[in-house]
Amino acid sequence: MADIVRTIGLSLGADICWPACYEHLMRRLDLRVPTEGGTMRFEVERIYIEPFDLRRDCKYDVVIDRLTHWYHTSREWIKKAIIMNGLYVFNNPWSLQSMEKHTSYCAMIRLGIPIPTTWLVPPKAYAQSNPDIGPTLARYAKLFDLGRLGQKVGYPCFVKPYDGGGWRSVMKCNDEQALRDAYEKSGTDVMHVQAGVVPFDRFVRTIGFGPQTYNVLYDPDKPLHDRYTLDQEFIPAAEEEHLRKVTLTINAFFGWEFNSCESLRSAGVWHPIDFANPCPDSQVTSLHYHFPWLVKAYLRWSVFCAATKRRMRQTLDWEPFFEVADGGGSYEEKLDGYARIAEERFAAARFEEFCEKHLSHLDEVAWEFFATEQAKDAVRQKVAALYPLHEVEQFTELFWSRIQKWRTDEEALR
Ligand SMILES: Nc1ncnc2c1ncn2[C@@H]1O[C@H](COP(=O)(O)OP(=O)(O)OP(=O)(O)O)[C@@H](O)[C@H]1O
Ligand SMILES: [Mg+2]
């Protein structure tokens, strides 16, 4: 009987470590999923950038994309392949293109999630390329008192771009003078002024991948390689579950299948502050101990989507979320309602069943793989791309030792 082959494409940029580990794991798994007419196998290919005919076929069933948010050629090829060839891609390029941090705040405020008070302010300066800018501002831009706005928001507050990322131009302001200085410095960026969630006693990053979620205690004051901490059991199970639901809600609402959500806990309440990260950091140099989980999450969700020929949602369909938001009940009850929609959209039950049936050996294969020279080489290559030569060995060993700690902890759990 004939084999069915499903092809997974990797649309990559500076990524080095996770795709290398993903490809090695796929080879080691050598998956064969029985089908009615034979066996299904999987091939993985990296996608190259080249001119394309809009009518050209697409050989991929699923594409994992890391370029859409900044590299237009790949984004446009992906859009064409979704519309014309039925490609399944994470993440949805239209949703990424049009939904920035600001939209994500508005939408989650609409759903009743306790986002800190946030104001948007018009930019301090304008590029003069549009001749209409002068008359528009002269006629309609209202003078405003930043000091009064600061009083309304409260101190400390954070001034940050409405479409931020990578901590670009994020400024903490403890008083009015600092707020005025921050605004002066913001130039042509459109900025938010957001109430600080201060003090907070927990800062968690929840990575979501399809229906899979993973909470990491995060320390923003540490250098990059230590921000994802190694702490375990840092919040009660009920709060882990709360963050899982919040993250699934955000991701399902925007049609983002991988994303990370930053939440701060203050006085017992979780406030998400940054959750428009739909191409989340996937590098071993940030994730180290947590990196094997992420590689496995990439693999499980992409294989599931390819094997089941999952169809991309054509629209985001927000009404069911708004119906829950506008119905009665407490915040937790509404969150349950949102999470139910999200789980259904991410086919959570079907996914779990698929993993049990066809990927039950993944944990063992990954555990063995992350002891090999191939895995260590992937770590070394990423470190070599980011660190000065004299630090490469030291940091390779650091990240590798944390992955080995993960292996020891996994073994203890068996
Ligand atoms: N409202 C807030 N309350 C407390 N801390 C905040 C708040 N907003 C931002 N911060 C701090 O500033 C950091 C950067 O802000 P934020 O995450 O919003 O920016 P970003 O550029 O999107 O970052 P990322 O690189 O995570 O995408 C946060 O990790 C947090 O430490
Ligand atoms: Mg952030």
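None of the figures in this text is laboratory data; all of them are computed from the coordinates on show. Note that the structure is a prediction, hence the values are computed from the model and not measured. Neighbour counts run over all protein chains shown; Cβ positions are idealised from the backbone, glycine included.
What ³J(HN,Hα) values, in whole Hz, does the Karplus curve 6.51 cos²θ - 1.76 cosθ + 1.60 give for the range 86-94 when θ = phi - 60°, with x put for Gly and Pro?
Going residue by residue, I get x, 5, 9, 9, 10, 9, 4, x, 5 Hz, with x marking Gly and Pro.
If Lys and Arg each add +1 and Asp and Glu each add -1, what is the summed charge of the other residues whose beta carbon sits under 12 Å from the beta carbon of residue 325?
That sum, taken over residues with Cβ under 12 Å, equals -2.
For a quick protection proxy, order the peptides 210-217, 140-147 by their average other-Cβ count within 10 Å, most packed first.
210-217, 140-147
For the chain, what does the relative contact order come out to in percent, with C-alpha contacts under 8 Å and a separation of six or more?
RCO, the chain: 18 percent.
Long-range amide H contacts for residue 44: which residues qualify at under 5 Å (H placed 1.01 Å from N, peptide plane, sequence gap of 5 or more or a different chain)?
Those qualifying (amide H under 5 Å, at least 5 residues apart or on another chain) are 8.
Compute the distance from the alpha-carbon center of the range 16-39 to that of the range 296-363, in whole Å.
Going from one Cα centre to the other spans 22 Å.
What is the ratio of the Cα radius of gyration of the chain to 2.2 N^0.38 Å, with N the residue count, to two decimals?
After normalising by residue count via 2.2 N^0.38 Å, the value is 1.05.
From the phi angles alone, apply the Karplus equation (6.51, -1.76, 1.60; θ = phi - 60°) to the range 267-273 and give each ³J(HN,Hα) in whole Hz, x where the residue is Gly or Pro.
Along the range 267-273, the couplings run 6, x, 10, 8, 10, x, 10 Hz.
Where does the chain land at 222 nm, in deg cm²/dmol rounded to the nearest 500, when only DSSP H runs of n ≥ 4 count, each adding -39500 (n - 2.57), divided by all residues?
-14000 deg cm²/dmol
Can you tell me which of 101-113, 312-324 comes out highest on packing, and rank the rest after it, using the mean Cβ neighbours within 10 Å?
Taking the mean over residues of other Cβ atoms within 10 Å, the ranking is 101-113, 312-324.
What list of ³J(HN,Hα) couplings, whole Hz, do you get for the range 203-215 from phi and the Karplus terms 6.51, -1.76, 1.60, once you set θ to phi - 60° and write x for glycine and proline?
Once rounded to whole Hz, the list reads 10, 10, 9, 10, 8, x, 9, x, x, 8, 9, 8, 9.
On C-alpha positions alone, give me the angle between the axis of helix 348-358 and the longest principal axis of the chain, in degrees, nearest 10.
Here the helix axis deviates by roughly 30 degrees.
Rounded to two decimals, what is the ratio between the C-alpha radius of gyration of the range 117-195 and 2.2 N^0.38 Å?
Ratio of Rg to 2.2 N^0.38 Å for the range 117-195: 1.12.
For residue 27 and residue 175 in the same chain, what is the full-extension length gain: residue separation times 0.36 nm, less their Cα-Cα distance, in nm?
Between residue 27 and residue 175, full extension yields 47.6 nm more.
Would you work out if the range 240-370 is rounded, prolate or oblate? Take a ≥ b ≥ c from the square roots of the eigenvalues of the alpha-carbon gyration tensor; rounded if a/c is under 1.5, else prolate when a/b is larger than b/c, oblate otherwise.
Here the range 240-370 falls in the oblate category.
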